[in-house]
Structures are given as structure tokens and as C-alpha cells.
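Worksheet for the structure shown next.
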Amino acid sequence: MYLEKYLKSEKLTYGEFARKIGVSRNAVYFWATNKRRPNVTNTFKIEDATNKFVTAKDLVKRDE
């Protein structure tokens, strides 16, 4: 599942999710809108925080 879709399904804002994993709201915005990719450490944080609904594979840049 893509991060943006996960956040919408859980009714989480970028800021709420950012606080949950200890990063900035802007970082979550860039990852969710596929403008940047998280580093390895943050990828693991995202997987843990989403109970693996969002995986490293989902965070790889996709063509749209």
C-alpha cells in the first residue's frame, strides 16, 4: 500500500504521522507524494508504524 493511501485510510495527517515516527511533516509530505524517498532508517520506521501495510517496495519511486 502506498503511504498516501495508508494515511487517508487511517485518517492521519502528515503531521500526525510525522510525530508518530519522529520526522518532520514536510518529510512525510515528500514521501507520500513521491517527490523523495526515505532513507533506510525511516523506511523501517514507516514499516513499523504502519504494521507493514506500507513496505520498502511501496516506497520506491513509481512512475505515474
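The values are calculated or read from the model by the stated rules, or taken from the named source; none is laboratory data. In this text the structure is predicted, and so the values were computed from the model without any measurement. Please note: Cβ atoms are built from the backbone with ideal geometry, for glycine as well, and neighbour counts cover all protein chains shown. Just so you know, the surface numbers come from the protein's heavy atoms only, side chains and all, with ligands and any DNA or RNA stripped out. Shrake-Rupley method; radii C 1.70, N 1.55, O 1.52, S 1.80 Å.
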> Computed FRET efficiency, Cβ-Cβ of residue 5 and residue 36, R0 25 Å: what is it to the nearest 0.05?
Replying inline: 0.90
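What Kirkwood radius, in Å to one decimal, follows from the Cα pairs of the chain?
On the way: mean 1/r = 0.0882 Å⁻¹.
Averaging 1/r across every pair of different Cα atoms and inverting gives 11.3 Å.
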>> What number comes out for accessible area per residue over the chain if the probe is 1.4 Å? Units Å², please.
In response: 68 Å²
>> Leaving out ligands, DNA and RNA, and with a 1.4 Å probe, what % of the accessible surface on the stretch 9-63 is carbon or sulfur?
In response: 50 percent
> Rounded to the nearest 500, what is the chain's calculated 222 nm mean residue ellipticity when only DSSP H runs of at least 4 contribute -39500 (n - 2.57) each, over all residues?
Replying inline: -15000 deg cm²/dmol
